[in-house]
Amino acid sequence: MPGKVLIIEDDPTSLRLIEYALKQRGYQVLATVNGLEGIITAQKEEPDLVILDIMLPGIDGFEVCRRLHSGSQTARIPILIISAKTQKDDINAGFKAGANDYLLKPASPTEIISRVESLLSKKITGQARMVSFINTSDIAGLSMIMVNVAAALVEQEKQVTLIDASNSSKGRSGKDKVSSKQQGRVILEVETPDNGSQEPGLETLPSGLRVLHVDDALDGQDGVSESSLDLIQKIGKANDYLLVDLPLKPNYFTSSIIKASDLLVILSDYHIDNLLAAKNTVTLLKFLGVSPEKMGVVLVDPEGKTPNLTANNMKPYIEANLGITLVEVVSFDARMYQLIYLDSQPVIQSNPNQKLAQDLKHIARYVATYNYSGPEPKQSKKVNPLTEVRIDADK
């Protein structure tokens, strides 16, 4: 992930500490001490990210942010503001000027690196919202949840592409792929245009949804492919949402996708073994740097015969034991699976009045209304200066 970072900061102590933290992680660092010089450097060097102070000599950080955000060469460069201006109006002004994140001083190197890595990983998605789905149960066909969420978003006139990474580097058997073949038929059968204009591994479903198959994009290569990440970024620039079907056990490539995701939805049935697997997945995601606020769980009733398995009944249990949001409980019996299988199209289109269709639309509403900007920045807590060096507030 390391790339080129431009720091625009006039305080020598803050500049040295940020520069040291970045170089320790392998980043190439450029530095300027005033706003105008920073803008010129950004236009010339086109860094991967800009770290910006507000109180600068000459033009202030807000104006620098506005100019970078409106410039043709610099508009897509993520901007992290680090400032001692802690008032809500200042924070709002920073985001309004075009900042992607706002960190309050005093800030530790650990906090800065975390924000930098988060913003740089976001570039993988080309600024589309990336929502990843992880199936912790052994129920076949749960990829249809993601497909229906995508179809519901398309009904809201959103541009959506599905990314099938469920079989990436043999992360999962092929039984539950988005377009998996079963008994000679293809669920949500793929239609491939003959004009040759599509990207490798990118296919179109009859419903109009597009699917990028990571295995095809990797073209048989072992491990992460820079070309496949470039392809995801290219697709992301033309979409509002990227919905990703991930394997239960992440590899290097899918770990990159996890870190770039804005929201991760865990699919599980209510049996204790699968709930334990869901809890272990939450622990793993936390280890990879994903906050619980970015996770949600969809519980599945595989038989459709458990009347007490409702969102209201299960919410306290999920929040207490998994520590994440319960998005919805869906009934998914064998008869409904067969119906989806025969129709070869999203259930929200073929059977829009079914309860399952309504539950799936509720999941789509959750995805559409989720607070992707995250919680309001909080003042960093003071720490023992003997245990960690922090960047002091501007004097």
Worksheet entry | From I59, I40, residue being touching a helix residue (DSSP H, G or I) at 6+ places or on another chain (Cβ under 9 Å) and aliphatic (A, V, I, L, M) | I59
Discussion item. The conditions are (1) surrounded by fewer than 24 Cβ atoms within 10 Å (Cβ to Cβ); (2) touching a helix residue (DSSP H, G or I) at 6+ places or on another chain (Cβ under 6 Å), and Q156 fails exactly one of them. Which is it?
Written reply: (2)
Worksheet entry | Test: G38 is assigned to a loop (DSSP other than H, G, I, E, B), without any contact (Cβ under 8 Å) to a residue 40 or more places away in the chain and in the same structural domain as S83 (by TED's automatic domain parsing) | no
Worksheet entry | Members of region 31-41 found to be within 16 Å of A99 (Cα to Cα) and out of contact with any strand residue (DSSP E or B) (no Cβ under 6 Å at 6 or more places or on another chain), listed by number | G35, I39
Worksheet item: What number of residues within region 278-312 satisfy the criterion of being assigned to a helix (DSSP H, G or I), surrounded by 13 or more Cβ atoms within 10 Å (Cβ to Cβ) and out of contact with any strand residue (DSSP E or B) (no Cβ under 7 Å at 6 or more places or on another chain)?
Response: 5
Practice prompt. Please enumerate the residues belonging to region 1-33 that are of a type in the set (V, I, T) and either touching a Gly at 6+ places or on another chain (Cβ under 9 Å) or in a strand (DSSP E or B) (or both).
Written response: V5, I7, I8, V29, T32
Discussion item. Out of everything in region 339-370 that is at pLDDT 80 or above and assigned to a loop (DSSP other than H, G, I, E, B), what residue ends up being nearest to S143 (Cα to Cα)?
Written reply: P346
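The values are calculated or read from the model by the stated rules, or taken from the named source; none is laboratory data. Quantities reported herein were computed from a predicted structural model and do not represent experimental measurements. With ideal geometry, Cβ positions are generated from the backbone for all residues, glycine too; neighbour counts draw on all protein chains shown.
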